[in-house]
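The values are calculated or read from the model by the stated rules, or taken from the named source; none is laboratory data. Bear in mind the structure is a predicted one, so any value in this text is a computation, not a measurement. FYI the Cβ positions are ideal-geometry reconstructions off the backbone, even for glycines, and counts take in every protein chain you see. Remember, those area values only see protein heavy atoms, side chains included, never the ligands or the DNA or RNA. Shrake-Rupley method; radii C 1.70, N 1.55, O 1.52, S 1.80 Å.
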Amino acid sequence: MDHDGFMDQKKEQMKSKIIIVISLLCLLNGMGMVAQEGITGYTLKKGEVLDVLFLTQKQEKDSLFKDYVRVAFPIAIQMGYKNLTGRQIVKSTQGNIEPQNVVFAKWDNRNIRERFIQEIETHVPDFHQQRRNIWSIFNLTYYEMSKDVSFAMDKDKYYTITAYWKKDEDKFNAFVNTFDKVVKRFGGTHILELRDGISPFMYHYRPDYFVMTEWEDKKQFELFYQENLKMDTEGLLNVNQFVIE
């Protein structure tokens with residue numbers, strides 16, 4: 001087998017592992033979603049908390065992950081953790097990290113979410129070390145819902161996630177306004193927009209503006225992307241942008 005063939009095989013193996021992991025999480029948590037004809041909908045009520053995690057699992061750590069699921073997940077679920085969805089990141093188009101997948105989960109409220117972080121080590125003393133052993137990237141932001149929020153994903157559409165950090169308040173706001181207009185001009189639709197996230201110690205990842213965008217197809221996004229790269233970024237501190245599957 002040539003090198004390219006070997007790499008393709010490894011990618012497929014990794015994709016299968018991610019699918020297995022996501023399926024396991026879904027079975028454990030009941031998904032908290034509604035699916036119909038290839039469209040999956042998600043709903044969060046005012047006061048609930050949405051977790052957004054970017055993850056990259058280290059190679060050959062499946063046995064450690066199984067132990068982590070066996071020990072830590074029952075405690076998280078008992079305290080109210082509910083997995084919503086996990087998606088493979090197929091491409092990083094902008095930014096300085098390349099995670100393998102993104103996971104969305106929810107908690108009943110902020111107090112419960114933060115109590116879990118504070119108390120988990122009393123149940124699992126090496127909880128954080130387990131995470132370091134399993135994942136090379138584990139970036140977490142959580143958002144308290146200020147109103148009821150719903151979004152849906154269609155298996156036949158194309159999705160991207162974009163995160164921006166601000167350097168200058170006024171210039172940043174002007175950039176985001178322009179960004180939104182350019183997205184609409186090229187046919188994109190924001191299905192989830194988040195601000196004012198919280199990122200705990202050791203897992204710090206706190207963009208000022210997080211958005212998931214739906215496109216009709218890859219071509220539509222790529223036309224937008226060329227325009228996006230030309231935009232004035234003087235007011236920005238950083239950007240991450242990913243294509244998700």
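Based on the mean of other Cβ atoms within 10 Å per residue, sort peptides 65-77, 204-216 so the most packed one is first.
Details: 65-77: 15.1, 204-216: 19.5.
Averaged packing, sorted descending, gives the order 204-216, 65-77.
Quick check on my link table: of Lys106/Lys181; Lys91/Lys155; Lys46/Lys181; Lys157/Lys184; Lys46/Lys106, which ones sit more than 19 Å apart, alpha carbon to alpha carbon? Kindly include the intermediate steps, with their values, before the conclusion.
On the way: Lys106/Lys181 30 Å; Lys91/Lys155 17 Å; Lys46/Lys181 27 Å; Lys157/Lys184 16 Å; Lys46/Lys106 12 Å.
Over 19 Å Cα-Cα: Lys106/Lys181; Lys46/Lys181.
So between Lys61 and Glu193, what do we pick up on full extension, going 0.36 nm a residue minus the alpha carbon distance?
This chain segment gains 44.2 nm when fully extended.
Under a no-solvent Debye model with one identical scatterer per Cα of the chain, what's log10 I(q)/I(0) at q = 0.09, 0.16, 0.17 Å⁻¹?
-0.41, -1.32, -1.46
Within the chain, what whole-number % of the accessible surface is contributed by carbon and sulfur, with the 1.4 Å probe and all protein chains included in the calculation? The partial results should precede the final answer.
On the way: 6440 of 13080 Å².
So the carbon and sulfur contribution to the accessible surface is 49 percent.
Pop the C-beta distance of Glu227 and Asn109 into the FRET formula with R0 = 41 Å and round what comes out to the nearest 0.05.
Details: r = 40 Å, r/R0 = 0.97.
FRET efficiency, Glu227 to Asn109: 0.55.
Amide H of Asp208 versus every other amide H placed in the peptide plane: which residues, excluding those fewer than 5 positions away on the same chain, fall under 5 Å?
Here the answer is Tyr164, Trp165, Lys166, since their amide H atoms fall under 5 Å of that of Asp208.
Taking the Cα centre of the chain as the origin, how large is its charge dipole in debye, to the nearest 20, when only Lys and Arg (+1) and Asp and Glu (-1) carry charge on their Cβ atoms? The partial results should precede the final answer.
Working: 33 positive and 35 negative charges, 67 e Å.
In debye, rounded to 20, the chain gives about 320.
Per residue, how much accessible area does the chain show when a 1.4 Å probe rolls over the protein heavy atoms, in square angstrom? Walk me through the numbers before you get to the answer.
Values: 13080 Å² over 245 residues.
Solvent-accessible surface per residue comes out at 53 Å².
With every protein chain present, what accessible area does Ser136 have (1.4 Å probe, heavy atoms only), rounded to the nearest 10 Å²?
Surface accessible to solvent at Ser136 totals approximately 80 Å².
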